[in-house]
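K.L.:
Before I ask anything, let me first share the structure, which is written out below as structure tokens.
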Amino acid sequence: MKTAPLPPNEKERLAALHALLILDTPPEQRFDRITEFAASEFDAPIALISLVDENRQWLKSRVGLDVCETSRDVAFCAHALLSTEPLVVPDTLKDERFADNPLVVGMPHIRFYTGAPLVLPSGLIAGTLCIIDTKPREVDATDLAILGTLRDLAVSELLERGQA
Amino acid sequence: MSAAGQRRNFLLLEPDAMVRRTVALTARGTGLAEIQEAPSLKTAQEVLRREAFDGLLLALDDDDQGLGLIERLRSGQTPSPASATVAVMVAQCDQTRAEKLRVAGVNQIILRPFKVKTLLNAIHGMSL
């Protein structure tokens, strides 16, 4: 497993994330609506709005997963912070970054991951809107465009609380 | 996008805000089409009266009230071409209803529940 390197603007990124005042807040329907829609649209058993904090990923909204956070070093979403483009992993077992990740070899047995970065107006990335499956999958350009739109809606909701 | 490279304009009558927004924003963002959103039949009637569309995507209730929009379109009572393509989204459709919709001038029937991708593919087909 390869732990994701820190983004070059990590300090500013964390400051922007904390300024949103969203970490450790209760679940909210406005976010749950987006993850539920994403899970349904993509027939994905898991859909998350994940915010990547200093040492953890914290889940503002989750479908199909019982935990509300994981350590950052095993988080797929930590890898998605490195680009504003979506991170697509069609088959985790064929990707050396993830093949022996505890979330792949153990519960929830992730085989497919696609995460659209939550890019704030400042250009800093707070986390991802992601869909996860326990089977390998492919996505096409239309799928990524739809996920991108849902990500934009999630960012709009994040900004309702603070301006990063 | 049309053959001439000009972005097509569609009217989307869909009460589900999440579906409506996602279709409209994705179609716009990918350059597929401009989508005018109508959350209600009343709004759709008003928009159809003042704007020209290349196609209509209409959510129909079981009572088919929205068929009046198609009647106005087909009879040339709107700024849109009377031959504009029309797709409808319905919760159920037997042969009798399908024939009723066909006679009313519906070109495509989409059954609920549908994916956003299905609607985008329909828009793509209507844009050719």
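K.L.:
Suppose we filter B:Leu58, B:Leu119 for residues that are within 14 Å of another protein chain (Cβ to nearest Cβ), at pLDDT 95 or above and either farther than 16 Å from B:Arg8 by Cα or out of contact with any Phe, Trp or Tyr (no Cβ under 7 Å at 6 or more places or on another chain) (or both); which single one remains?
P.N.:
Of B:Leu58, B:Leu119, the one residue that is within 14 Å of another protein chain (Cβ to nearest Cβ), at pLDDT 95 or above and either farther than 16 Å from B:Arg8 by Cα or out of contact with any Phe, Trp or Tyr (no Cβ under 7 Å at 6 or more places or on another chain) (or both) is B:Leu119.
K.L.:
Which ones in segment A:150-164 are more than 11 Å from every other protein chain (Cβ to nearest Cβ) and in contact with a strand residue (DSSP E or B) (Cβ under 8 Å, 6 or more places away or on another chain)?
P.N.:
Scanning segment A:150-164 gives A:Ala154, A:Val155, A:Leu158, A:Ala164.
K.L.:
Somewhere in segment B:29-38, is a residue under 24 Å from B:Ala82 (Cβ atoms), of a type in the set (D, E, K, R) and within 14 Å of another protein chain (Cβ to nearest Cβ)?
P.N.:
Yes: segment B:29-38 contains one or more residues that are under 24 Å from B:Ala82 (Cβ atoms), of a type in the set (D, E, K, R) and within 14 Å of another protein chain (Cβ to nearest Cβ).
K.L.:
I want to confirm something. Restricting to segment B:49-96 and keeping residues that are among the basic types (Lys, Arg) and more than 24 Å from B:Asn121 (Cα to Cα), which single residue is surrounded by the fewest Cβ atoms within 10 Å (Cβ to Cβ)?
P.N.:
B:Arg50
K.L.:
Being modelled with pLDDT under 95 and basic (Lys, Arg) narrows it down to one residue among A:Arg137, A:Arg111, A:Arg161; which is it?
P.N.:
A:Arg161
K.L.:
Count, please, the residues in segment A:57-87 that happen to be assigned to a strand (DSSP E or B) and surrounded by fewer than 18 Cβ atoms within 10 Å (Cβ to Cβ).
P.N.:
Selection size over segment A:57-87: 2.
K.L.:
So if I check each of A:Leu23, A:Leu48, which one is modelled with pLDDT of 95 or more, in a loop (DSSP other than H, G, I, E, B), touching a Lys or Arg at 6+ places or on another chain (Cβ under 9 Å) and not charged (D, E, K, R)?
P.N.:
When all the criteria are applied, what remains is A:Leu23.
K.L.:
List the residue pairs whose Cβ atoms are under 6 Å apart, where the first residue sits in segment A:22-33 and is within 14 Å of another protein chain (Cβ to nearest Cβ), the second is not in a helix (DSSP H, G or I), and the two are 6 or more positions apart or on different chains.
P.N.:
A:Phe31/A:Ile49; A:Phe31/A:Lys60; A:Phe31/A:Ser61; A:Asp32/A:Ser61
K.L.:
Something else about it: Which is surrounded by fewer than 14 Cβ atoms within 10 Å (Cβ to Cβ), within 19 Å of A:Arg13 (Cα to Cα) and more than 14 Å from every other protein chain (Cβ to nearest Cβ), of A:Pro117, A:Pro102, A:Pro121, A:Pro136?
P.N.:
A:Pro121
K.L.:
Also, I was wondering about something else. If only one of B:Arg72, B:Arg20 is closer than 17 Å to B:Asn107 by Cα, assigned to a helix (DSSP H, G or I) and within 15 Å of the chain's Cα centre (by Cα), which one is it?
P.N.:
B:Arg72
K.L.:
Kindly establish whether A:Leu147 is in contact with a Ser or Thr (Cβ under 9 Å, 6 or more places away or on another chain), within 14 Å of chain B (Cβ to nearest Cβ) and surrounded by 17 or more Cβ atoms within 10 Å (Cβ to Cβ).
P.N.:
When the stated conditions are applied, A:Leu147 passes them.
K.L.:
Against the conditions (1) surrounded by fewer than 17 Cβ atoms within 10 Å (Cβ to Cβ); (2) modelled with pLDDT of 95 or more; (3) of a type in the set (A, V, I, L, M), where does A:Met1 fall short? Just the number, please.
P.N.:
Unmet condition: (2).
K.L.:
In segment B:89-124, how many are closer than 21 Å to B:Arg28 by Cβ, free of Cβ contacts under 8 Å to residues at least 12 places away in the same chain and part of a helix (DSSP H, G or I)?
P.N.:
3
K.L.:
Still on this structure, I have one more. Return the total of residues in segment A:103-140 being touching a helix residue (DSSP H, G or I) at 6+ places or on another chain (Cβ under 8 Å), farther than 18 Å from A:His79 by Cα and small (Gly, Ala, Ser).
P.N.:
1
The values are calculated or read from the model by the stated rules, or taken from the named source; none is laboratory data. Quantities reported herein were computed from a predicted structural model and do not represent experimental measurements. Using ideal geometry, Cβ is built from the backbone for each residue, glycine included, and neighbour counts are taken over all protein chains shown.
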